[in-house]
1. Only one of (1) open to solvent by 60 Å² or more (accessible area, probe 1.4 Å); (2) not in a strand (DSSP E or B) is not met by Val62, so which one is it?
2. Have a look at Glu47, Glu30 and point out the one that is open to solvent by 40 Å² or more (accessible area, probe 1.4 Å), closer than 17 Å to Ala301 by Cβ, outside any helix (DSSP H, G or I) and in contact (Cβ under 8 Å) with a residue 60 or more places away in the chain.
3. Working carefully through the options Tyr195, Tyr229, find the one that is of a type in the set (Ser, Thr, Tyr), at negative phi and touching a Cys at 6+ places or on another chain (Cβ under 6 Å).
4. Among the residues of region 329-344, which ones are assigned to a strand (DSSP E or B) and either at pLDDT below 95 or under 19 Å from Thr16 (Cβ atoms) (or both)?
5. Among helices (runs of 4 or more DSSP H) lying entirely in region 133-211, which contain 3 or more residues that are farther than 17 Å from Ser18 by Cα and either open to solvent by less than 20 Å² (accessible area, probe 1.4 Å) or among the β-branched types (Val, Ile, Thr) (or both)?
6. Taking region 1-13, which residues are open to solvent by 30 Å² or more (accessible area, probe 1.4 Å), more than 20 Å from the chain's Cα centre (by Cα) and not polar (S, T, N, Q)?
7. Inside region 185-206, can you point out the residues that are over 22 Å from the mean Cα position of the chain (by Cα) and either polar (S, T, N, Q) or modelled with pLDDT under 95 (or both)?
8. On the basis of being among the charged types (D, E, K, R), surrounded by 13 or more Cβ atoms within 10 Å (Cβ to Cβ) and more than 18 Å from the chain's Cα centre (by Cα), does Arg70 make the cut?
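The values are calculated or read from the model by the stated rules, or taken from the named source; none is laboratory data. Here the structure is a predicted model, which is why all the values come from computation and not from measurement. Counting neighbours? That spans all protein chains shown, and the Cβs are built from the backbone with ideal geometry, glycine included. Just the protein is used for accessible areas: all its heavy atoms, side chains included, with ligands, DNA and RNA removed. Shrake-Rupley method; radii C 1.70, N 1.55, O 1.52, S 1.80 Å.
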Amino acid sequence: MRITEMKVEKVRIPMTASLKVAFATVDSLESVLIRVETDEGCVGFGEASPFAPVTGETLDGVIAVLDIFRQGLMGMDPMDIEAVHAMMDGVIVGNGAAKCAVDLAMYDLMGKAAGVPVYKLLGGYSNTVQNDITIGISTPEQMAEEAKKYVSEYGYRILKVKAGIDWQEDIRAMKLIRGAVGPQIRLRVDANQGYDIAKAQRALKGFREYGIEAVEQCLPHWDLEGAAYLRNHAEGIHMMLDESIHDPVDAARACRLGSADILNIKLMKCGGLYPAQKINAVAEANGVTCMVGCMLETRLAITAGLSLVAAKKNVTEADCDSFLYYKENPVEGGFVQDKDTFTLLNKPGFGVSF
């Protein structure tokens, strides 16, 4: 099987409401969908969802890089995933979202050629995932009301709460949220690099009172030594890294320094499923578990992320919820949802269409 063509489509979809995090407010999905064709009539789909503050990419930049990759891909065998990544890495450094689009298309093609879903190609540990739901930053009262709705009306049992602008308000939000949802709901906080060490320590002390199980990316992405210090003083709260982890080398350094209990793998940061598996392997070898998160992505990339969670025993958490926030979704299929349980379809590849 040889690649004969790659087509690119830009997608922009408004969100039902804006989402505020520590360093940005977003109100729409901007993504690039690709279609890779082969000489055997098999078609694979991929997606790039860049976010400049995290991946360092723009939508137009991704399209320009994909045009370069297109030249290198012609005539390659999608099964040669190491060679595909070597080609891309030889062309340009970084650019995880652009590389992710190609990577996902290769896995979609491999699954279709083998007649199996991608989660089986990756390991096949399970086909179901318990997903969390994200609460953006607003007033603590509004956040508590939103949390109560997700739990009582939609059946979510894990809430991820955005924080990092004002540590005192963050503590108050967690107090109100815990009061609204009760003691059995799992709560974790994502500061999105919003704290320094002093503010993080104050926040962690307050969070402890309300049973917060994990806190994500308190400090700037480069400060792994500071993250290690916080972890050593977390007193029972699991510390997670996200923006600090872009590739297996980052994962190895974080593990070596003892900077995290959990690594948040995002396909758009690391360049797709192939390098994501390497990050998980590094983590597992060091006794660190992983979560798979997402950028603002369609059901295509979300299915890929869920496939990794389902396939790997060491990936214990899922934060793959962004597809829920759009007014419409250009991609169909991939999985079915029952409250907070997501079940991958047993269709070849990712089982999506658009």
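1. Exception for Val62: condition (1).
2. Values: Glu47 fails: open to solvent by 40 Å² or more (accessible area, probe 1.4 Å).
Of Glu47, Glu30, the one residue that is open to solvent by 40 Å² or more (accessible area, probe 1.4 Å), closer than 17 Å to Ala301 by Cβ, outside any helix (DSSP H, G or I) and in contact (Cβ under 8 Å) with a residue 60 or more places away in the chain is Glu30.
3. Details: Tyr229 fails: touching a Cys at 6+ places or on another chain (Cβ under 6 Å).
Just one listed residue meets the conditions, Tyr195.
4. Taking region 329-344 and keeping what is assigned to a strand (DSSP E or B), we get 332-333, 335-338, 341-344.
Glu332, Gln337 - these are the residues of region 329-344 that are assigned to a strand (DSSP E or B) and either at pLDDT below 95 or under 19 Å from Thr16 (Cβ atoms) (or both).
5. Numbers: elements: 140-152, 167-181, 197-208.
In region 133-211, 167-181, 197-208 are the helices (runs of 4 or more DSSP H) which contain 3 or more residues that are farther than 17 Å from Ser18 by Cα and either open to solvent by less than 20 Å² (accessible area, probe 1.4 Å) or among the β-branched types (Val, Ile, Thr) (or both).
6. Within region 1-13, the first condition is being open to solvent by 30 Å² or more (accessible area, probe 1.4 Å), and the residues that meet it are 1-2, 4-5, 7-10, 12.
From what's left, more than 20 Å from the chain's Cα centre (by Cα): 1-2, 4-5, 7-10.
Met1, Arg2, Glu5, Lys7, Val8, Glu9, Lys10, listed by residue number.
7. Start the filter on region 185-206 by keeping residues that are over 22 Å from the mean Cα position of the chain (by Cα), which leaves 196-206.
Answer for region 185-206, where residues must be over 22 Å from the mean Cα position of the chain (by Cα) and either polar (S, T, N, Q) or modelled with pLDDT under 95 (or both): just Gln201.
8. Working: among the charged types (D, E, K, R): yes; surrounded by 13 or more Cβ atoms within 10 Å (Cβ to Cβ): yes; more than 18 Å from the chain's Cα centre (by Cα): yes.
It is true that Arg70 is among the charged types (D, E, K, R), surrounded by 13 or more Cβ atoms within 10 Å (Cβ to Cβ) and more than 18 Å from the chain's Cα centre (by Cα).
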